[in-house]
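Note sheet for the following structure.
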Amino acid sequence: MHELAVTQSILDISLRHAQKADAKRITAINLVIGRFSSIVDDSVQFYWDAIAEGTIAQGATLHFQRIPGEMTCRACGHIFQPDDVTFACPACSSLSVRITKGDEFRVDSIDVE
């Protein structure tokens, strides 16, 4: 359900920047979403279609760019992309790791007319 709040933020950011650019219409919004973020593309799209109605963003296309996850081992410093089974470091098997890429979520760009 948090996708509703996230989608509202996307709309707010887009409308604010479109207004600054004196845009008449928002045609597309490019989003960057990391593997480890809990954002579900289909849910964002569903809410977008409802909340953008009646605004200059109505009908705008949402483009989702997914960023792969990356972790760094705190024990040995190895940087790796985890598989779907374990987050253990493949170099030393330590579970003491931190996310270094893949938790992003941002509006990358907005296309306007």
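The values are calculated or read from the model by the stated rules, or taken from the named source; none is laboratory data. This is a predicted model, so every value here is computed, not measured. We place every Cβ from the backbone using ideal geometry, glycine too, and count neighbours over all the protein chains shown.
Here are a few things to note about the model shown:
- Residue satisfying all of: in region 32-45; in contact (Cβ under 8 Å) with a residue 24 or more places away in the chain and out of contact with any strand residue (DSSP E or B) (no Cβ under 7 Å at 6 or more places or on another chain); surrounded by the most Cβ atoms within 10 Å (Cβ to Cβ) among these: S43
- Counted residues, region 75-85 - those being of a type in the set (D, E) and surrounded by 12 or more Cβ atoms within 10 Å (Cβ to Cβ): 0
- Complete set of residues in region 1-31 that are over 25 Å from P68 (Cβ atoms) and without any contact (Cβ under 8 Å) to a residue 60 or more places away in the chain: M1, L4, A5, Q8, L11, D12, L15, R16, Q19, K20, D22
- Residue in region 67-74 that is touching a residue at least 24 places away in the same chain (Cβ under 8 Å), in contact with a helix residue (DSSP H, G or I) (Cβ under 6 Å, 6 or more places away or on another chain) and surrounded by 16 or more Cβ atoms within 10 Å (Cβ to Cβ) present: no
- Any hit, region 12-24, residues being under 14 Å from the mean Cα position of the chain (by Cα), of a type in the set (D, E) and either exposed (fewer than 14 other Cβ atoms within 10 Å of the Cβ) or at pLDDT 95 or above (or both): no
- Region 67-90, residues that are among the charged types (D, E, K, R) and either in contact with a strand residue (DSSP E or B) (Cβ under 7 Å, 6 or more places away or on another chain) or under 26 Å from S109 (Cα atoms) (or both): E70, R74
- Of all residues in region 49-66 being out of contact with any strand residue (DSSP E or B) (no Cβ under 6 Å at 6 or more places or on another chain) and either hydrophobic (A, V, I, L, M, F, W, C) or part of a helix (DSSP H, G or I) (or both), the one that is surrounded by the most Cβ atoms within 10 Å (Cβ to Cβ): A52
- For the criterion of being small (G, A, S) and not in a strand (DSSP E or B), S93 passes.
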